[in-house]
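One structure is given below, encoded as structure tokens.
The values are calculated or read from the model by the stated rules, or taken from the named source; none is laboratory data. Bear in mind that the values here come from a model prediction, so they are computed numbers and not experimental data. Using ideal geometry, Cβ is built from the backbone for each residue, glycine included, and neighbour counts are taken over all protein chains shown. These accessible areas exclude ligands, DNA and RNA; they are computed on the full protein's heavy atoms, side chains included. Shrake-Rupley method; radii C 1.70, N 1.55, O 1.52, S 1.80 Å.
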Amino acid sequence: MDEGRAPRRRVSPRLWLAGGWLLLALLAAIFAPLVAPQDPLAQDLMLERLPPFWMSGAEPGYWLGTDSLGRDLLSRLIFGGRIAFVVAFAASIAACLVGSTLGLISGYFGGWADRVISRVVDVWMAFPPVLFAILLVAVLGTGLSSVIIAIAVIDWTRFCRVIRAETMGQSRMDYVENARIAGYGRIGIMLREVLPNVVPSIVALLSLEMGIAVIVEAILSFVNLSISTDDPTWGGIIAEGRLSIHQAWWVLVFPLITLILTVLSFSQFGEALKTRFDPVLR
Amino acid sequence: MSACLDISGLSAVLPNGQRVLRSVSLSVQSGEVRALVGESGAGKTMIGKAVLGVLPSSVRIVEGDIRLEGEDLGRLQPKARRTLIGARTALIPQDPLTALNPSRRIGSQMTDRLVRILGWSGERADTRIRQLLDEVQIRDPDRVLKSYPHELSGGMRQRVLIAAAFAAEPRLIVADEPTTALDVTVQKQILRLIVQLQREHGTAILFVTHDLGVVAKISQKVSVLYAGKVVEEAETAALFAAPQHPYTRALMAATPRYTDPFASLKPVDEAVLAGLAAEIAVADQAWRRPHG
Ligand SMILES: Nc1ncnc2c1ncn2[C@@H]1O[C@H](COP(=O)(O)OP(=O)(O)OP(=O)(O)O)[C@@H](O)[C@H]1O
Ligand SMILES: [Mg+2]
């Protein structure tokens with residue numbers, strides 16, 4: 001009648017770039033045995049510290065060079081991606097489920113539920129997260145599942161806080177009151193009316209959290225607390241690269257670049273997804 | 001005519017003991033429009049919320065009762081009360097933007113209530129909603145039903161809310177300043193629509209407003225509220241012909257007239273305010289005695 005529909009905005013380049021990198025890294029990790037040019041564990045002292053392909057002395061088939069034991073860096077990064085992604089997905093989904101549920105309850109019902117949950121979150125967040133993680137893994141023992149549990153146990157509070165605040169804001173809106181007048185039950189309103197409005201934030205946080213999980217996993221590997229040392233991990237490679245920085249800088253620099261690109265992509269991807277999920281911003 | 005809504009002696013207090021409603025009594029007969037006027041903060045919205053069962057948790061009803069078609073709401077179990085209110089009443093809110101869920105399409109919001117709460121079939125609900133959209137003169141229902149709230153103008157959103165309010169044939173509608181958030185030309189159309197649907201459907205309306213001009217146009221009866229107390233109640237025509245309470249007269253003098261827009265408006269007189277303050281002090285004292 002008096003206004004048309006807003007034209008749908010085109011997919012932003014940052015969604016493409018971030019999503020493209022993540023997809024590439026994810027596919028490489030999934031199909032690692034097929035795409036990795038070498039065996040990531042094969043040592044060959046004849047091939048130690050080969051430089052990346054554009055430098056003199058490079059060997060074909062070892063695109064990013066080798067480490068001090070002659071293992072192919074690119075293959076190790078690709079296989080390291082497997083652990084990084086498993087941890088990223090499992091830990092952030094666990095943290096998201098726990099944190100968002102509690103945040104939703106806390107923000108929507110208020111009262112004593114809110115007081116208890118908020119108190120727990122405050123106490124929880126008083127611990128420095130990395131120290132907390134190291135402590136937890138030390139207690140739980142090293143291994144993939146302890147790393148995942150540790151990250152989820154630490155980071156659910158991030159979801160809880162943000163979702164609580166968003167839920168509180170939404171619960172004050174008139175449409176919630178309207179639904180109550182119409183006769184909807186409290187839980188029904190929370191799930192059907194409020195939840196869809198906080199989903200964009202949950203999605204953005206989830207993606208951000210995946211990036212954070214990748215970093216925490218790398219830090220734990222770096223201090224040798226993560227997975228068994230045989231399997232390549234990004235943090236483990238960085239730790240080794242640090243020792244040979246003067247002889248073979250690439251062993252440090254490439255995993256760092258991979259890590260940073262992945263973490264940035266996760267956060268950018270989350271932001272871009274949020275705007276796509278939000279009917280008002282879209 | 002029987003009372004559709006009957007509020008008697010309703011008092012509500014804040015946690016600090018201050019009364020926000022002071023023994024309010026008012027009734028709305030079936031099919032009639034009762035205006036509730038008063039300045040900002042008088043407690044008009046509070047009365048509406050009390051009727052609809054959505055008072056803020058900090059506000060407590062301490063005496064009086066609210067009857068909806070003879071049923072005493074205070075005596076019902078919470079579940080039964082919700083069901084009764086859901087089936088017999090509806091709200092036309094002040095702000096048509098926040099009253100619609102931003103992340104759900106108009107169509108699903110409108111039919112959802114009929115289907116989930118009242119158990120209609122999807123088809124019947126859809127037919128009904130389209131009929132109502134036609135009654136509020138929305139000419140392109142397909143587009144509107146598919147839209148999200150932010151894709152519609154304020155006037156369109158308010159039409160949607162009016163249609164939604166009448167859709168389930170409630171006996172009583174609380175309209176809380178339904179035109180305040182709209183610009184003047186749209187206000188007139190919306191008022192006309194509300195009156196028209198009210199007549200066709202025979203719905204009783206408790207119409208909250210601070211605008212006496214609106215009162216004169218749409219209501220048969222008026223209650224004038226000041227500081228949570230009904231200071232005057234009358235047939236609309238009688239009130240405008242001969243206002244009894246000094247506050248009502250002052251309020252009339254403070255309302256601009258279209259016929260004479262440049263006449264100076266008088267703010268409510270000091271003496272009138274002093275009189276009201278005394279009146280309320282007396283009422284509070286009388287109330288405090290039995291309530292400690
Ligand atoms: N959630 C709340 N908790 C405590 N007091 C409140 C709350 N909401 C409103 N009040 C107080 O109750 C009184 C009545 O408010 P109400 O909203 O009913 O006024 P109103 O007549 O609707 O005014 P307006 O024309 O501005 O909408 C005011 O004094 C207000 O400060
Ligand atoms: Mg109000």
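Go over the candidates B:Ala237, B:Ala227, B:Ala204 one by one and state the one that is on the phi > 0 side of the Ramachandran plot and not acidic (Asp, Glu).
Working: B:Ala237 fails: on the phi > 0 side of the Ramachandran plot; B:Ala204 fails: on the phi > 0 side of the Ramachandran plot.
The match here is B:Ala227.
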Taking the stretch B:140-150 and keeping only residues that are at the interface with chain A (Cβ under 10 Å from one of its Cβ atoms), open to solvent by 20 Å² or more (accessible area, probe 1.4 Å) and farther than 19 Å from B:Asp183 by Cβ, one is left with B:Asp140, B:Arg143, B:Lys146, B:Tyr148
Selection over the stretch B:35-65 where residues are basic (Lys, Arg) and more than 16 Å from ligand 2 (Cβ to nearest atom) yields a count of 1
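Can you name the residue in the stretch B:70-94 that is in contact (Cβ under 8 Å) with a residue 40 or more places away in the chain and open to solvent by less than 70 Å² (accessible area, probe 1.4 Å) and is also farthest from the other protein chains (Cβ to nearest Cβ) among such residues?
Kept after step one, since they are in contact (Cβ under 8 Å) with a residue 40 or more places away in the chain, are these residues of the stretch B:70-94: B:70, B:87-94.
Restricting the remaining residues to those that are open to solvent by less than 70 Å² (accessible area, probe 1.4 Å) gives B:70, B:87, B:89-93.
Values: B:Gly70: 20, B:Ala87: 7, B:Thr89: 7, B:Ala90: 7, B:Leu91: 5, B:Ile92: 10, B:Pro93: 5 Å.
Per the stated criteria, the residue is B:Gly70.
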Counted residues, the stretch A:42-65 - those being open to solvent by 80 Å² or more (accessible area, probe 1.4 Å) and touching a residue at least 24 places away in the same chain (Cβ under 8 Å) = 5
How many residues of the stretch B:115-139 are under 23 Å from the mean Cα position of the chain (by Cα) and crowded, with 21+ Cβ neighbours inside 10 Å? The answer is 4
Is there a residue being more than 8 Å from chain A (Cβ to nearest Cβ), touching a helix residue (DSSP H, G or I) at 6+ places or on another chain (Cβ under 9 Å), open to solvent by 60 Å² or more (accessible area, probe 1.4 Å) and hydrophobic (A, V, I, L, M, F, W, C) anywhere in the stretch B:98-114?
-> no
Any residue in the stretch A:98-113 that is under 30 Å from A:Val194 (Cβ atoms), among the hydroxyl-bearing types (Ser, Thr, Tyr) and touching a Lys or Arg at 6+ places or on another chain (Cβ under 7 Å)?
-> yes
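Could you identify the single residue in B:Ser40, B:Ser25, B:Ser57 that is open to solvent by 30 Å² or more (accessible area, probe 1.4 Å), farther than 27 Å from B:Leu276 by Cα and among the hydroxyl-bearing types (Ser, Thr, Tyr)?
Numbers: B:Ser40 fails: farther than 27 Å from B:Leu276 by Cα; B:Ser25 fails: farther than 27 Å from B:Leu276 by Cα.
From the options B:Ser40, B:Ser25, B:Ser57, the qualifying one is B:Ser57.
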Please enumerate the residues belonging to the stretch A:268-282 that are open to solvent by 30 Å² or more (accessible area, probe 1.4 Å) and away from every other protein chain (no Cβ under 14 Å).
-> A:Gln268, A:Phe269, A:Glu271, A:Leu273
Test: residue in the stretch B:4-20 that is free of Cβ contacts under 8 Å to residues at least 12 places away in the same chain, near ligand 1 (Cβ under 10 Å from one of its atoms) and within 14 Å of another protein chain (Cβ to nearest Cβ) | no
Quick one: A:Arg242 ticks every box in (1) charged (D, E, K, R); (2) open to solvent by 10 Å² or more (accessible area, probe 1.4 Å); (3) touching a Gly at 6+ places or on another chain (Cβ under 7 Å) bar one, so which box is it?
-> (3)
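How do the strands (runs of 3 or more DSSP E) wholly within the stretch B:160-247 filter down when requiring 3 or more residues that are open to solvent by 20 Å² or more (accessible area, probe 1.4 Å): which remain? Before you say what the answer is, go through the steps one by one.
Values: elements: B:172-176, B:204-209, B:221-226, B:229-235.
Strands (runs of 3 or more DSSP E) meeting the threshold: B:229-235.
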Sole miss for B:Arg157 among (1) charged (D, E, K, R); (2) closer than 24 Å to B:Thr209 by Cα; (3) within 11 Å of chain A (Cβ to nearest Cβ); (4) open to solvent by less than 40 Å² (accessible area, probe 1.4 Å) is condition (3)
With a cut-off of at least 3 residues that are in contact with a helix residue (DSSP H, G or I) (Cβ under 6 Å, 6 or more places away or on another chain) and either of a type in the set (Ser, Thr, Tyr) or modelled with pLDDT of 90 or more (or both), name the helices (runs of 4 or more DSSP H) lying wholly within the stretch A:167-282.
-> A:174-182, A:195-222, A:234-243, A:250-277
For B:Leu68, which of the numbered conditions (1) over 16 Å from A:Arg186 (Cβ atoms); (2) within 16 Å of ligand 2 (Cβ to nearest atom) fails to hold?
-> (2)
All but one of (1) on the phi < 0 side of the Ramachandran plot; (2) more than 12 Å from every other protein chain (Cβ to nearest Cβ); (3) within 20 Å of the chain's Cα centre (by Cα) hold for B:Glu169, so report the exception by its number.
-> (1)
Kindly list, by first and then second residue, each pair from a residue in the stretch B:31-49 that is within 14 Å of another protein chain (Cβ to nearest Cβ) to a residue that is near ligand 1 (Cβ under 9 Å from one of its atoms) and not hydrophobic (A, V, I, L, M, F, W, C), limited to pairs with Cβ atoms under 6 Å and residues at least 6 apart or on different chains.
-> B:Thr45/B:Asp176; B:Gly48/B:Asp176
